[in-house]
Amino acid sequence: MTAAIFEQVRGMASDLFGVPLDQISPASSPANIETWDSTAHLNLVLALEERYGFQISPEEMEKMQSIADVTTLVESKLRSTAGQQR
Amino acid sequence: MSAALELRSEIDNLISKGEAQRAYLRICELWRNEKAPGSAAFVVSRAERLRDRLPFVPYRLAILRSFTVEPIVPILRASAFCYGIDLTVLVGDFNAYAQEILEKESSVYRFAPDAVILAVRTADIAGDLWQDFADLGSDDAGKSARRVISNFEQWIRAFRSRSQAALIVHNFEQPERPTFGLLDLQREASQSALVEQINREMRRISLENHGVYLLDYDALVSRHGRLRWGDTRKWLTARLPIAADQLLHLAVEWLRFIVPLSGKLAKVLVVDLDNTLWGGVIGEDGMDGVKLGPEYPGAAYLALQRVLLDLSRRGILLAICSKNNSDEAMEMMEKHAGMLLRPQNFAAIRINWQDKVQNLREIAAELNIGLDAIAFLDDNPVEREHVRVALPEVFIIDLPKDPIEYAAALRDFPGFERLTFSVEDRQKTEMYAAQRQRIEAAQNFQSKEEFFHYLQQEAEIVPLTPATLGRISQLTQKTNQFNLTTRRYSEQQIAEIGASSAARVFSIRVRDRFGDHGLAGVAITRDQGDVREIDTFLLSCRVIGRTVETALLSFLAQDAASRGLKRMQGWFFPTKKNAPAREFYREHGFATQDTNGRGSLWVFDLAAPIPCPEWIHLRKPTEIEI
């Protein structure tokens, strides 16, 4: 998990869930962030897609169960988009 | 810490220190940098904390829909906050729009919206035309199209009878790929022709119903690219048919309606010259060196001039605010072969080395409008920021870096959108030219009375008709200075007032030796018992100070007396801007009867007439019942 992507995801989660930045860690999840409900989850998916220009599939959407999961997903998708471009 | 995070923490610091105005400027800066679903929630939550400190215009919007719009709402609200509008949004139940419109006590009507958006997709209302088209005979296909049209006609009429809110209706998008491929256009029963037919009828229905405005959803989708607009996976999993990076575009399209509907109207566009109306600096490059003409790069500036000319034909006044030597700049404007605009296209000109803030104040004073009616266009971001901080009321149009994109950025600015258009709008620039002549003429007379006689003013009382309805509503929306009660009415509300037997809607048309002012004043009255109550009395700033107000009031009194009424009364509600109307009732012999927290009530005994000024020739309609 790279620090740069984690920080970006954390910033987005803080904006979207209305939670201060320092209260979001890799372990943050719908279980410990009250505002991370299904609407907020969709908003997070849309924010990631808009920001990074990739599409998140329904299967990937379900796997996003913590900030660490989200960060890993973003990293792997950015790697594969970069691979396609080469 | 990244710049984006720094800006966020600066915003939070400013809010906690109570510096509302500075916090707001930073919030808007953040939104300009990051207009995206990710930052919308932050922008909305912080702007909400400034509600009690800043003069946001509250506006209530209901969205009735056949698809998921929830993720668009924060984007819309964030954008609206940056235009000074505090939107409260009600989203109707999924696919429940028909019940919500037809039931009198539905949650939509209880919400008391100012505007309602009806967003229904072709696929959702006419699934047979959309995906089962191949199975339909041409009779059934035609029937299906007629069913959609008659449903909408019924819903829109029902809505109109239940609510005074503005109604914004999406039209219907064409399929990405017609069922019959190329054959679709080669045969009689065409899927795309049927969608076109529905859209044509939707246009008719919206024109036939006041306060119903069509949103060209099909054009919006095609403008941004039909294939890029949709997202099938999101549709199947979340009933969201629009891709993440297109959500902003729908929000912006909605906002183009909401900005003018909420009364945020830019009436004057003040432009810079160097590197805005032409490429280069006239003082350095000279007339031969500046770039302006049909070739690149001059074509970008010519395109921008074309937009300015179009705006002026729509009734937006143009003005110049430029740091230059006046002689050089004026010579350029008068003589350069590439100029589409000439000095006479501008209602006010400030070319000097003065601070632009001071120039903008002077332009506002000269044109007799508020700073909040000015939009400022300048290629220099430093000048834009300077004006933004010093004059927060002024609309700032943000130009992209590349001049090729200037014209489109200006066309997209919602402050110039209007949902009604009057003859007066079209003639506005000539009217201001006539106004300059009047001001010059006035200086040659010893007394005001002599000047008034010289003006040869003719005023005509005009009853409410379909032709005047739009202008009357527009005047109630736009008039701030000579306005006793500042009540804003939509076209629909004016039509309803006009239909009630106790109420009367009058307007006054004014012309003089220099030209026609068009419909320049409105009075709305309600008669009850032996009292005529003046609900609304306003005068366009163009005719303030010419005693036209006395002529209109004298007519109201005479008309009331002829109907056997004994008294006439009216409230004055002070606002920041209506000082010119403060002494109106006192000066015409009214006595204060009552005051409350909002204003004062003035009463006039109709036993004595209010004389019409002798220098105004007042014509009354022979029959004003409508």
Looking at the structure I just gave you, is B:Ala251 crowded, with 18+ Cβ neighbours inside 10 Å, out of contact with any Cys (no Cβ under 6 Å at 6 or more places or on another chain) and within 14 Å of chain A (Cβ to nearest Cβ)?
yes
Which of the residues that make up the stretch B:572-591 are farther than 20 Å from B:Thr547 by Cα and in contact with a Lys or Arg (Cβ under 8 Å, 6 or more places away or on another chain)?
B:Phe573, B:Pro574
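Yes or no, residue by residue, for (1) touching a Pro at 6+ places or on another chain (Cβ under 6 Å); (2) more than 14 Å from chain A (Cβ to nearest Cβ); (3) open to solvent by less than 30 Å² (accessible area, probe 1.4 Å); (4) hydroxyl-bearing (Ser, Thr, Tyr):
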{"position": "B:Trp155", "(1), (2), (3), (4)": "no, yes, yes, no"}
{"position": "B:Gln164", "(1), (2), (3), (4)": "no, yes, no, no"}
{"position": "B:Ile168", "(1), (2), (3), (4)": "no, yes, yes, no"}
{"position": "B:Tyr213", "(1), (2), (3), (4)": "no, yes, no, yes"}
{"position": "B:Lys234", "(1), (2), (3), (4)": "no, no, yes, no"}
{"position": "B:Ile242", "(1), (2), (3), (4)": "no, no, yes, no"}
Could you tell me whether B:Arg256 is away from chain A (no Cβ under 14 Å) and part of a helix (DSSP H, G or I)?
yes
Pairing a residue in the stretch B:361-385 that is on the phi > 0 side of the Ramachandran plot with any residue that is modelled with pLDDT under 95 and open to solvent by less than 60 Å² (accessible area, probe 1.4 Å), where Cβ atoms lie under 8 Å and the two sit 6 or more apart in sequence or on different chains, gives B:Asn368/B:Gln481; B:Asn368/B:Cys541; B:Asn368/B:Arg542; B:Asn368/B:Ile544
Can you pull out the residues in the stretch B:459-476 that are within 13 Å of the chain's Cα centre (by Cα) and either hydrophobic (A, V, I, L, M, F, W, C) or surrounded by fewer than 20 Cβ atoms within 10 Å (Cβ to Cβ) (or both)?
B:Leu475
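Go through the stretch B:280-298 and give me each residue that's assigned to a helix (DSSP H, G or I) and buried (at least 19 other Cβ atoms within 10 Å of the Cβ).
B:Ile282
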Scan the stretch A:56-76 residue by residue and report those that are over 19 Å from B:Ala243 (Cβ atoms) and either open to solvent by 30 Å² or more (accessible area, probe 1.4 Å) or out of contact with any helix residue (DSSP H, G or I) (no Cβ under 7 Å at 6 or more places or on another chain) (or both).
A:Glu62, A:Lys63, A:Gln65, A:Ser66, A:Ala68, A:Asp69, A:Thr72, A:Ser76
Condition broken by B:Arg53, with the remaining ones in (1) open to solvent by 10 Å² or more (accessible area, probe 1.4 Å); (2) touching a helix residue (DSSP H, G or I) at 6+ places or on another chain (Cβ under 7 Å); (3) within 12 Å of chain A (Cβ to nearest Cβ); (4) not hydroxyl-bearing (Ser, Thr, Tyr) satisfied
(3)
Residues of the stretch B:578-611 being farther than 20 Å from B:Val531 by Cα and open to solvent by less than 70 Å² (accessible area, probe 1.4 Å), in sequence order, are B:Asn578, B:Ala579, B:Pro580, B:Ala581, B:Glu583
Conditions (1) surrounded by fewer than 18 Cβ atoms within 10 Å (Cβ to Cβ); (2) more than 26 Å from B:Phe421 (Cα to Cα): number failed by B:Ala499:
(2)
Among the helices (runs of 4 or more DSSP H) lying completely within the stretch B:383-466, list those that include at least 1 residues that are farther than 30 Å from B:Leu30 by Cα and out of contact with any strand residue (DSSP E or B) (no Cβ under 8 Å at 6 or more places or on another chain).
B:423-426, B:428-442, B:448-455
Output the number of residues of the stretch B:502-516 satisfying the condition of being crowded, with 20+ Cβ neighbours inside 10 Å and either in a helix (DSSP H, G or I) or among the aromatic types (Phe, Trp, Tyr) (or both).
1
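Quick one: which residue in A:Gln55, A:Gln8 is within 10 Å of the chain's Cα centre (by Cα) and polar (S, T, N, Q)?
The unique qualifying residue is A:Gln8.
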Do you know which residues across the stretch B:354-380 are part of a helix (DSSP H, G or I) and either open to solvent by 30 Å² or more (accessible area, probe 1.4 Å) or among the aromatic types (Phe, Trp, Tyr) (or both)?
B:Gln358, B:Arg361, B:Glu362, B:Ala365, B:Glu366, B:Leu371, B:Asp372
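So that you can scan it fast, the table gives a plain yes or no per residue for (1) of a type in the set (Phe, Trp, Tyr); (2) part of a helix (DSSP H, G or I); (3) modelled with pLDDT under 95; (4) within 25 Å of the chain's Cα centre (by Cα):
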residue: B:Arg26; (1), (2), (3), (4): no, yes, no, no
residue: B:Ala40; (1), (2), (3), (4): no, yes, no, yes
residue: B:Arg46; (1), (2), (3), (4): no, yes, no, no
residue: B:Tyr59; (1), (2), (3), (4): yes, no, no, yes
residue: B:Ile63; (1), (2), (3), (4): no, no, no, yes
residue: B:Phe67; (1), (2), (3), (4): yes, no, no, no
Checking B:Thr276 against (1) modelled with pLDDT under 95; (2) polar (S, T, N, Q); (3) under 21 Å from B:Ile351 (Cβ atoms): exactly one of these is not met. Which one?
(1)
Tally, over the stretch B:505-526, of residues that are modelled with pLDDT of 95 or more and among the charged types (D, E, K, R)
1
Exactly one condition in (1) of a type in the set (Val, Ile, Thr); (2) open to solvent by 30 Å² or more (accessible area, probe 1.4 Å); (3) modelled with pLDDT of 95 or more is false for B:Ile351; which is it?
(2)
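Can you tell me how many residues in the stretch B:1-30 are more than 12 Å from chain A (Cβ to nearest Cβ) and either surrounded by 15 or more Cβ atoms within 10 Å (Cβ to Cβ) or charged (D, E, K, R) (or both)?
Residues flagged as more than 12 Å from chain A (Cβ to nearest Cβ) and either surrounded by 15 or more Cβ atoms within 10 Å (Cβ to Cβ) or charged (D, E, K, R) (or both) within the stretch B:1-30 amount to 14.
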B:Leu377 vs (1) among the hydrophobic types (A, V, I, L, M, F, W, C); (2) within 19 Å of the chain's Cα centre (by Cα); (3) under 29 Å from B:Ile472 (Cβ atoms): all pass except (3)
What about B:Ala145, is it assigned to a loop (DSSP other than H, G, I, E, B) and among the small types (Gly, Ala, Ser)?
no
Selection count where residues are among the polar types (S, T, N, Q), within 22 Å of B:Ser262 (Cβ to Cβ) and open to solvent by 40 Å² or more (accessible area, probe 1.4 Å), scope the stretch B:73-106:
1
Consider the stretch A:1-54. How many of its residues are more than 7 Å from every other protein chain (Cβ to nearest Cβ), surrounded by 15 or more Cβ atoms within 10 Å (Cβ to Cβ) and either touching a residue at least 40 places away in the same chain (Cβ under 8 Å) or not in a helix (DSSP H, G or I) (or both)?
15
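The values are calculated or read from the model by the stated rules, or taken from the named source; none is laboratory data. Bear in mind that the values here come from a model prediction, so they are computed numbers and not experimental data. Every residue, glycine among them, receives a Cβ derived from its backbone with ideal geometry; neighbour counts consider all protein chains shown. We work out accessible area using only protein heavy atoms, side chains counted, and drop any ligands, DNA or RNA first. Shrake-Rupley method; radii C 1.70, N 1.55, O 1.52, S 1.80 Å.
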